[in-house]
Amino acid sequence: MSDDQPPESDRLAGAPHPREALELFGQGAAEAEFLDAVRRDRLPHAWLISGPHGIGKATLAWRIARFLLATPPGATTAATLDVPSDDPVCRRLRAGSEARLFQLRRPWDPDRKRLKSEITVDEARKLKSFFALSSPDGGYRVVIVDAAEEMNPSAANAILKILEEPPERCVLLLVSHSPAGLLPTIRSRCRTLRCRALNPDDLAWVLASAGVTPDNPTALAELAGGSAGEAISLMQEDGLALYADLVALVAAAPNMDRARLAKLADAANSRTNTARRDLTLRLIETLLARMARTGIATHNGQEAAPGEARMIADLVPDAQAARRWAELQQDLSDRARHAIAVNLDPSGLILDMMLKINETAGTIRARA
């Protein structure tokens, strides 16, 4: 992407676009399931590629699209989805000039100079012109919707009509981080390909292929939860240091350092750059989740920050305490979603959340 081009809503900042990735790590089972449908010559017209954010769903969608566009219909002996990098389809996809592929994604708003918050019906209606063009070689046409839950109701209904009466030799690939946010009728008309969180080795390979070298891969893998996208976001926003600050604050609860707490909240107060705010909220939720899980299984000993294991041992002395942290996690997550929706002050939100943690820690320590 050149400097004079608008940003792409389906590209993670700091990482290559999924169309540029010829390799896929950690999703062999989903790839094998798709190939099995090809070999059986029973290819559904729509696939819902689901799983957590940042684990390779979009890369899988582009691999499938590349394969379908480069493989004649009826060819059922392929062993992998690999397509040679010098194949004309690969070159056209990299250049954005493949006429048999349509990307449905959040568009750029030229008036406000930013990406729109949803996939609009105007974007979905462009599919009518796309389907009106016949494939010159009688091959497949492919539509990638990323992310499907970002469609507004009118756009979703437009896609539903296509799913109900799919054009011949057209495959729709719906990438979704939250399938529950889609219309049930859309889900029911798609075959689901479930992608899994990456294990530490696969995560390391993905980061290496993107040219990313973490200073502390163990801590990064712990916090990223098997998501390469989350790992890159953590590195871009100095997330490991931020999580260490959170651990240090919570370890001192119910006597949190108020000056340090105020500094943490103020750092997330930018209304123009929401990345720091969002990461802070995610890491608070992650910290509480790691504490709550201690009530289900013994802590695995892998610290995501110095002193984390000791902090968890002190504040989660038993299953009852773990349940209390789980309840607080749910309550604070709901509160954060509401606050963001109504555009409340980020620093006030984070300060309030941390004080709730401080109060809960006091209750648990008093009971112990």
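The values are calculated or read from the model by the stated rules, or taken from the named source; none is laboratory data. Please read all numbers here as calculations on a predicted model, not as lab measurements. Reconstructed Cβ throughout: ideal geometry from the backbone, glycine too, with neighbour counts over all protein chains shown. Side chains included, ligands, DNA and RNA excluded: accessible areas come from the protein's heavy atoms. Shrake-Rupley method; radii C 1.70, N 1.55, O 1.52, S 1.80 Å.
Of these, G225, G229, which one is open to solvent by less than 10 Å² (accessible area, probe 1.4 Å) and touching a residue at least 12 places away in the same chain (Cβ under 8 Å)?
Numbers: G225 fails: open to solvent by less than 10 Å² (accessible area, probe 1.4 Å).
Going through G225, G229 in turn, the sole match is G229.
Might you check whether a residue that is at pLDDT below 95, farther than 30 Å from A221 by Cβ and surrounded by fewer than 16 Cβ atoms within 10 Å (Cβ to Cβ) occurs anywhere in the stretch 137-152? Looking through the stretch 137-152, at least one residue is at pLDDT below 95, farther than 30 Å from A221 by Cβ and surrounded by fewer than 16 Cβ atoms within 10 Å (Cβ to Cβ). Number of residues in the stretch 80-105 that are open to solvent by 50 Å² or more (accessible area, probe 1.4 Å), basic (K, R) and in a loop (DSSP other than H, G, I, E, B): the value is 1.
When the stretch 42-69 is filtered for residues that are under 17 Å from P166 (Cα atoms), in contact (Cβ under 8 Å) with a residue 24 or more places away in the chain and not in a helix (DSSP H, G or I), the ones remaining, listed by number, are L43, P44, H45, A46, W47, L48. The number of residues in the stretch 244-260 being of a type in the set (A, V, I, L, M), part of a helix (DSSP H, G or I) and surrounded by fewer than 20 Cβ atoms within 10 Å (Cβ to Cβ) comes to 4. Which one is most open to solvent (accessible area, probe 1.4 Å) among residues in the stretch 183-221 that are among the acidic types (D, E) and in contact with a Phe, Trp or Tyr (Cβ under 9 Å, 6 or more places away or on another chain)? Result: D201.
Every condition in (1) at pLDDT below 95; (2) within 20 Å of R42 (Cβ to Cβ); (3) of a type outside the set (A, V, I, L, M, F, W, C); (4) surrounded by 20 or more Cβ atoms within 10 Å (Cβ to Cβ) is met by R63 except one, and the failing one is (1). Within the stretch 158-172, residues that are without any contact (Cβ under 8 Å) to a residue 60 or more places away in the chain have Cβ atoms under 8 Å from residues that are β-branched (V, I, T) in these pairs: A158/V121; I159/V145; I159/I186; L160/T185; L160/I186, counting only partners at least 6 apart in sequence or on another chain. Taken over the stretch 261-271, the residue count meeting the criterion of being of a type outside the set (G, A, S) and either open to solvent by less than 20 Å² (accessible area, probe 1.4 Å) or not in a helix (DSSP H, G or I) (or both) is 4.
Yes or no: the stretch 272-285 includes at least one residue that is closer than 14 Å to L351 by Cα, assigned to a helix (DSSP H, G or I) and open to solvent by 80 Å² or more (accessible area, probe 1.4 Å). No, every residue in the stretch 272-285 fails to be closer than 14 Å to L351 by Cα, assigned to a helix (DSSP H, G or I) and open to solvent by 80 Å² or more (accessible area, probe 1.4 Å). All told, A241 falls short of being open to solvent by 60 Å² or more (accessible area, probe 1.4 Å), of a type outside the set (K, R) and either modelled with pLDDT under 95 or in a helix (DSSP H, G or I) (or both). Among the residues of the stretch 161-174, those identified as crowded, with 17+ Cβ neighbours inside 10 Å and in a helix (DSSP H, G or I) are I162, L163. Summed over the stretch 175-201, residues that are more than 16 Å from the chain's Cα centre (by Cα) and either closer than 22 Å to A13 by Cα or outside any loop (DSSP other than H, G, I, E, B) (or both) total 9.
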